[in-house]
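The values are calculated or read from the model by the stated rules, or taken from the named source; none is laboratory data. Note that this is a predicted model, so its numbers are computed, not measured. Glycine gets a Cβ as well: all are built from the backbone with ideal geometry, and neighbour counts include every protein chain shown. Accessible surface is based on the protein model in full, side chains and every heavy atom, while ligands, DNA and RNA are left aside. Shrake-Rupley method; radii C 1.70, N 1.55, O 1.52, S 1.80 Å.
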Amino acid sequence: MKWLLAALTALCITLPTLAGQAAPGVDDRLIEQRFSRIAEELRCLVCQNESLAGSRADLAMDLKREVRQLIKEGKTDAQVKDFLVARYGDFVLYRPPVKPTTYLLWAGPFVLQLVGIVLLIRFLRRRSRKVDGAAPGANESSTPMPGRVSLGKEFPFPERSDVQRETPTRNCE
């Protein structure tokens, strides 16, 4: 009996924590459709890679209430976006307008890709010149290739003259 009472008490304590915040009621389906369309085009300022519609951050909830209120006041979609851009900057839009302050944002990925291609081409040309200009036996004599065992003269320790070496002999009888 005591375990049943303890389980019911634990259940009563934990159930309120599972309850979520109720979504604000929407009077009109058109308002909800407009809100959804606008919220998908806006960025959550906390999450940054999530739309306002999908975010559950506190600031996003405040922005959602603000957008709903502006829609209820009769503002157009453009006026709602303009209000948020004036307040938070172009960053709030998923598709910011092309203007001098956003040129780097729009052209940046292409410039970085072009720089990467130029650097890759320069690297490959220098590498091919080194391979073409090398002597035919250069790889075998000076620097062994990685993963290759070299048995040549490039032994790292100097030869000692006081040590006699025995030459292996073959018994070919």
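Side notes on the structure shown:
- Taking all protein chains together and rolling a 1.4 Å probe, V92 ends up with roughly 0 Å² accessible.
- Taking amide H as placed 1.01 Å from N in the peptide plane, the amide H of R43 sits under 5 Å from that of L52, L93, Y94, each at least 5 places away or on another chain.
- Solvent-accessible ranking of T102, T9, largest area first, probe 1.4 Å: T9, T102
- Convex hull projection area averaged over all views, region 27-72, Cα basis, nm²: 2.9
- Pair L8, Q113: separation of 7 Å Cα→Cβ label points (nm): 6.6
- Within a straight-line Cα-Cα reach of under 25 Å, K72 can be paired with the following lysines, leaving aside sequence neighbours fewer than 8 residues apart in one chain: K64, K81.
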